[in-house]
Amino acid sequence: MALSRGLRCCQRVFSWIPVLIITAVVLWSYYAYVFELCLCKYGKLLAYLLLFHVCFVMFSWTYWKSIFTPPASPCKKFQLSYSDKQRYEMEDRPDAQKQILVEIAKKLPIFTRAQSGAIRFCDRCQVLKPDRCHHCSVCEMCVLKMDHHCPWVNNCVGFSNYKFFLLFLAYSMVYCIFIAATVFQYFLKFWEGVLPNGPAKFHVLFLMFVALMFFVSLMFLFGYHCWLVAKNRSTLEAFSAPFFANGPDKNGFNVGMRRNLEQVFGENRRLWFIPVFTSQGNGHYFPLKNRSSESQNPLLANEDMWEESDDGSEEGSLGEFI
């Protein structure tokens, strides 16, 4: 037991190494651009400094939100009650256990199934998995609309922070391309020998290479996630199509380009590029491509009904789930 705790502690410590690497590179790029390029060597390039700090702030803000926004987990309505848990654990027959889960799931907005056709249930978290929810072995919890676990942010990317992650990729590209574009003229001058050698030469040359290298890498990753958003898929769903009662359907949650975008970024387009939470819903229910199946569950006739608790207090806010 002590050994496993020690291993988990070491894992948590080492999991921050990628974040520290990114942070170190960004801090160095700040020093090299602001002090070595703009202030110390080539005069006060105020326009460059102003635009650079706008890019730097937006990049840092979105990166911070991607790292420190806790993953959202299923609410209490998806946990087994004490009596249901007793029934489930006392039953030895797998078919009978599946039937118990089916009975419980009738009261919940669950449409996806395991490949075997059974209700998806997490033995470790003891919850029925909402649609698009998966268990993360690194975070040791079930994550709503889990996309993937990203080591570069040391966090699970899912319902609560997917918008922040996309904005982080976008502003990272803007940050890199701005540096590369503004440093390019000095890169050429150093290459041609017009400017003298010195510490600034190393910083300028290295800034150019690092910015372009990260931009190319981010461009492919950001493009891939834009495609996922347009199709309303997660990374996990892109590799393994979600299963429904009538079988797998890779486009099961695709409700059209505009509505797909609004699910992630919200309806207010003025807030799309600001790292504040505007995603639609609460992460437990997502509209289906074929809405006819929703009529089978009377609980979804009015989506607001299930978001309220028995005493009338709302449980649909993000703060209840994270």
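The values are calculated or read from the model by the stated rules, or taken from the named source; none is laboratory data. Being a predicted model, the structure only gives us computed values, none of them experimental. Glycine gets a Cβ as well: all are built from the backbone with ideal geometry, and neighbour counts include every protein chain shown. These accessible areas exclude ligands, DNA and RNA; they are computed on the full protein's heavy atoms, side chains included. Shrake-Rupley method; radii C 1.70, N 1.55, O 1.52, S 1.80 Å.
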Whole angstrom only: what separates the Cα centroid of segment 43-72 from the Cα centroid of segment 1-31?
21
At 1.4 Å probe size, put 270, 132 in order of accessible surface, largest to smallest.
270, 132
Projecting the Cα atoms of 136, 199, 111 onto the charge dipole of the chain, where Lys and Arg contribute +1 and Asp and Glu -1 at Cβ, the residue farthest towards the positive end is 199
Computing the accessible area with a 1.4 Å probe over protein heavy atoms, can you report the carbon and sulfur percentage for segment 1-154?
64
Distance check, please: which entries in 85/250; 129/250; 85/289; 76/145 exceed 26 angstrom between their Cα atoms?
85/250; 85/289
Quote the accessible area belonging to residue 262 in square angstrom, nearest 10, computed with a 1.4 Å probe and with ligands, DNA and RNA left uncounted.
30
Positive minus negative residues near residue 265 (Lys, Arg vs Asp, Glu; Cβ under 13 Å):
+3
Ranking 213, 146 from most to least accessible area with a 1.4 Å probe gives 213, 146
Solvent-accessible surface (1.4 angstrom probe) belonging to residue 177, in square angstrom, nearest 10:
70
Quick check for me: using +1 on Lys/Arg Cβ and -1 on Asp/Glu Cβ, what's the dipole size of the chain about its Cα centre, in debye to the nearest 20?
960
The answer for the chain, accessible area per residue at 1.4 Å probe in Å², is 54
With a 1.4 Å probe and all protein chains kept in place, how much accessible area does residue 140 have, in Å² rounded to the nearest 10?
110
In degrees, nearest 10, the alpha-carbon axis of helix 94-105 is tilted away from the dominant principal axis of the alpha carbons of the chain by 80
Please give the contour-minus-distance gain from residue 241 to residue 221: 0.36 nm per residue of separation, less the Cα-Cα distance, rounded to one decimal in nm.
5.2 nm
How much length is gained if the chain between residue 53 and residue 205 is pulled fully straight, taking 0.36 nm per residue apart and subtracting their Cα-Cα distance, in nm to one decimal?
52.7 nm
To the nearest 10 degrees, how steep is helix 162-192 against the longest Cα principal axis of the chain, on a 0 to 90 scale?
20
Using 0.36 nm times the number of residues separating residue 22 and residue 35, minus their current alpha carbon distance, what extension gain do you get?
2.7 nm
How many nm is it between the label spots at residue 213 and residue 93, if each spot is 7 Å from the Cα in line with the beta carbon?
6.2
Which of 266, 99, 178 sits farthest toward the positive end of the charge dipole of the chain, with +1 on the Cβ of Lys and Arg and -1 on the Cβ of Asp and Glu?
178
Environment charge at residue 184 (Cβ cut-off 15 Å; Lys +1, Arg +1, Asp -1, Glu -1)
+1
In nm, spacing of pseudo-spin labels at residue 122 and residue 251 (7 Å Cα→C-beta vector):
3.1
Among [x] 62, 48, 43; [y] 80, 51, 37; [z] 75, 54, 35, find the value of Cα extents along the principal axes in Å that was calculated from the structure presented, and write down its label.
[y]
